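The values are calculated or read from the model by the stated rules, or taken from the named source; none is laboratory data. Nothing here was measured: the structure is a model prediction, and the numbers come from that model. Here Cβ is always computed from backbone atoms with ideal geometry, including for glycine, and neighbour counts include all displayed protein chains. Keep in mind that these areas ignore ligands, DNA and RNA; they rest on the heavy atoms of the full protein, side chains included. Shrake-Rupley method; radii C 1.70, N 1.55, O 1.52, S 1.80 Å.
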Amino acid sequence: MSIVAPAGTLPATFRAKRRLGFNTRVSFNDEAGPARGLRDGIELFKAAERLGYQSGWAYQRHFDHYLSSPIPFFAAVGQHTSHITLGSAVIPMRYQDPILLAEAAATADLLIGERLELAISTGANAAFDAVFGAVDTDARTEAKRRQARFLAAIAGEVLHTVDGPGQGAPEGTELRVTPHSPTLRSRIRQGSASLSSAVQAAELGIGLISGTVQHDHAEGESFGEYQARAIEAFRATWRQRRGTEPPPVTVAASILVGTTAELREKYAAYDLERQTKGIGASRPAGALEPTAPAIQPPGVQISPVFHGTPDQVIEAVLKDPGLAAADEIVLFLPPAFGLAENVRLLADLVQTVAPSLGWSPTA
């Protein structure tokens, strides 16, 4: 991206970013191994908190060189941090047991001082039925069923009233998830890749986080334009259904600030790799080969990479409709980058670009 213009006053349509976050896959390679990757992940969250980031997110991926179980990871990170919120972006619900997830989430949330922000999704994902078991319906329908059960469980709703012997409790006992974290329900978000899922989030009364892949674009519509349209649909539906102002909307974005010529060259190479390999770009050594096509089918786009000098990045971010509409930006970190590279990315964004977006660090 090569837009060159000096950064100035925020455009009227650009929402000041009161929160700044990052998203990591907590990856590992064959040489160092998973234990090192997990420890580096904790160090990354610690560094981000020191830099003033308000949120840190981790992606879940099964059977690969990435974090597969984010809840215990967040419980560990929470023991090394004090105020940064910890979020999953995202947990696909198709292969989750909703009650076990609710129990684990509430336990972790209470351990870390109610700082958990779970983003869940109901989209179709990799077909692991051979491992997790098949169901009698399609993946999306099953994911929505499990999502509804999970939301009821963390809200403290009665899941079952014992109505006979042999059910583990006296007859008449109302079974709810324990321990119960009373505020966790308000910190659940929908991971959205389409306008329909953004609307669904508002209908369910949960927050919205928009990711780096979007579906169902109109012909000729840019990624940012469609993202902004989905965000507006979420807010409009929320106001119509609930009569209140919607919660803050978060978007994930690849923002790589090149503070040196060497870094600008490196980030340009990552951008090219992402354009040619799609979501399979930047894989750690030993990670699975992607089965998804590098060139996205019609109606599907992956997010752009904002890179260049600080002034170029600022101007590009300010002009992007999706980033303009969001309340919080989450920096998507390339999965194959190491701890030192990622910390530098976080620091460079804070020091050069973030202040021009209306952001200030956590005190």
- Item | Per-q log10 I(q)/I(0), the chain, q = 0.06, 0.10, 0.12 Å⁻¹ (Debye; single scatterer per alpha-carbon; no solvent) | -0.22, -0.62, -0.90
- Query: If you place +1 on the Cβ of every Lys and Arg, -1 on the Cβ of every Asp and Glu, and leave all else neutral, what size is the dipole of the chain about its Cα centre, to the nearest 20 Debye?
  - Reply: 600
- Task: Treat the stretch 11-63 as a sphere of radius equal to its Kirkwood radius over Cα pairs and apply Stokes-Einstein at 20 °C in a medium of 1.002 mPa s; give the translational diffusion coefficient in µm²/s, rounded to a whole number.
- Result: 166
- Query: If you roll a 1.4 Å probe over the heavy atoms of the protein chains, what accessible area per residue do you get for the chain, in Å²?
  - Reply: 44
- If each of GLU31 and LEU110 carries a label point 7 Å out from its Cα toward its Cβ, how far apart are those two points in nm? 4.4
- Task: Would you calculate a helix-derived [θ] at 222 nm for the chain, using -39,500 (n - 2.57) for each DSSP H run of n ≥ 4 and dividing by the full residue count, to the nearest 500?
- Result: -11500 deg cm²/dmol
- Note on the structure: In terms of the alpha carbon gyration tensor, root eigenvalues a ≥ b ≥ c, rounded if a/c is under 1.5 and otherwise prolate when a/b exceeds b/c or oblate, the stretch 224-286 is prolate
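In debye, nearest 20: dipole of the stretch 253-304 around its Cα centre with unit charges on the Cβ of K, R (+) and D, E (-)?
Dipole of the stretch 253-304, to the nearest 20 debye: 60 debye.
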- quick note, the chain, DSSP beta bridge pairs, % antiparallel (nearest 5) is 10
- In the stretch 1-98, GluC sites (Glu not before Pro) in a DSSP loop with at most 11 other beta-carbon atoms within 10 Å: GLU31
- Environment charge at THR81 (Cβ cut-off 9 Å; Lys +1, Arg +1, Asp -1, Glu -1): +1
- Give me the distance in nm between label points sitting 7 Å out from Cα along the Cα-to-Cβ direction at SER186 and LEU272, one decimal. 5.0
- Note on the structure: Expected unfolding gain across SER82-THR178 under the 0.36 nm per residue rule, minus the alpha-carbon gap, is 32.1 nm
- Task: Just the number, please: carbon plus sulfur as a percent of the accessible area of the chain, 1.4 Å probe, no ligands or DNA/RNA counted.
- Result: 54
- Two-decimal Rg/Rh across the stretch 1-133, once Rg and the Kirkwood Rh are taken from alpha-carbon atoms: 1.04
- On the formula 1/(1 + (r/R0)^6), with r taken between the Cβ atoms of VAL162 and GLN240 and R0 of 41 Å, the FRET efficiency rounded to 0.05 is 0.55
- In nm, give the distance between the simple-model label positions of SER196 and LEU288, each being 7 Å from the Cα along the Cα-to-Cβ direction. 2.5
- Item | FRET efficiency, 1/(1 + (r/R0)^6) with R0 30 Å, evaluated for LYS319 and GLN296 via beta carbons | 0.85
- How big is the accessible area of HIS215 in square angstrom, nearest 10, if you roll a 1.4 angstrom probe over the protein chains? 70
- Message: What does the C-alpha gyration tensor say about the overall shape of the stretch 262-357? Classify as rounded when a/c is under 1.5, otherwise prolate if a/b is larger than b/c, or oblate.
- Response: oblate
- Area projected by the alpha carbon convex hull of the stretch 55-157, averaged over all directions, nm²: 6.6
